[in-house]
1. With equal scatterers on the alpha carbons only and no solvent term, can you work out the Debye log10 of I(q)/I(0) for the chain at 0.07, 0.13, 0.15, 0.17 1/Å?
2. Show which lysines lie in cross-link reach of K107 when reach means a straight Cα distance below 24 angstrom and same-chain residues fewer than eight apart are skipped.
3. List, largest first, the extents of the alpha carbons of the range 147-231 along their principal axes, each in whole Å.
4. Quick one: among D111, D260, D66, which has the greatest mean-square fluctuation in a GNM of the chain with alpha-carbon springs under 10 angstrom?
5. Once phi is turned into θ = phi - 60°, what whole-Hz ³J(HN,Hα) does the Karplus curve with 6.51, -1.76 and 1.60 give for every residue of the range 260-275, x standing for Gly and Pro?
6. Which of the GluC sites (Glu not before Pro) found in the range 1-72 are loop residues per DSSP with 16 or fewer other Cβ atoms within 10 Å of their Cβ?
7. Could you work out [θ]222 nm for the chain from helices alone, using -39500 (n - 2.57) per DSSP H run of at least four and dividing by all its residues? Round to the nearest 500 deg cm²/dmol.
8. In which sequence would S295, S61 go, from the one with the fewest C-beta neighbours within 10 Å to the one with the most?
Amino acid sequence: MPTWNEVDAIILERVSKGESVEKACDELRAEYLKNLSDHVSRPVITYYSGFLQKPPHPAMSINDFDMNGFMAVIHNIECDKGLDLVLHTPGGGTEATRALVEYIYSKFGKDIRVIVPQLAMSAGTMIACASNEIIMGKHSSLGPTDPQVNGVPAMGVISEIKKAIEEIRSDPLKQALWQEVFRQLPPAFISSCERSIAGTQKMVEAWLAQNMFVDRQNPTKVAKLTLDKINSYEDTTEHGHHFLREACIEFGLNVSSLEDDQDLQEHVLSLHHAYVASFARLRSFKFIENSIGASWNVSLD
């Protein structure tokens, strides 16, 4: 398996022979994508954000514009063999995520496997929960799926309300303090937080129950228990809390170890390093690509 430095050296060697940097990066990703697809014997789509390497940009997150990318790369692909979806994302919009998952279901059915080479956080974890299997390495992480409302953790707001009620009950003089805190919130903000939490919970529970947990006894109950663990506000440090592979297994998710198939690990991490090298050398900050050569990207140009 080539390391990041070795992948970068391959790109530089091709550039030294006359290829443009963009062509060298694009061709290497396409080669590694095809190799992965050949190994798993079915289509592969990658969704890669450069959020770890590029300056912050709203489009780095999952958003409605991404639907154009998925439509582009699903066109002409064989949809009757299921799909391996390679995810690297900080998360994004709940409704955009819902639309993408339902579109993927409509094309490939429920035979979806999500591969997480490094990070699939927040809404990325929601997508992983919509699959029937998640493949993670020792270095891979998922994250809480609790929604953000105007950049504020919705569950944090509800947790503060519960704390305020408890403190006021035990010490009524604290009511004035909490009134000042909640006075800063815009109208209907608390209701928006409650709606967002309930909607997200219902959506991801349904995906888990109808796919990953469909063969479990009482799939809906298992889905709720699993999601309660993922979204335990008291047991996480922040919205970006990292759940490593063992934690995800303990939560009850159907997680397989990337290291169990050394050839698969070779293909996945080679591809991952090719994306990291591409973000380092190109102006693109998001790629959605497939294993038959179709590519869609968003750049700073």
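Read-outs: derived from the displayed coordinates by stated rules, not from any lab. Predicted model only: the values in this text are computed from it and were never measured. Because the Cβ atoms are built from the backbone with ideal geometry, glycine has one as well, and the counts that use them run over all protein chains shown.
1. -0.30, -0.91, -1.16, -1.43
2. By straight Cα distance, K107 reaches K34, K81, K202, K286.
3. Over the range 147-231, Cα extents along the principal axes are 53, 28, 15 Å.
4. In the Gaussian network model the winner is D260.
5. With the stated coefficients, the range 260-275 comes to 5, 10, 5, 5, 4, 4, 4, 5, 5, 6, 4, 5, 4, 5, 5, 5 Hz.
6. Answer in residue order: E19.
7. So the calculated ellipticity at 222 nm is -15500 deg cm²/dmol.
8. Ascending Cβ contact count within 10 Å gives the list S295, S61.
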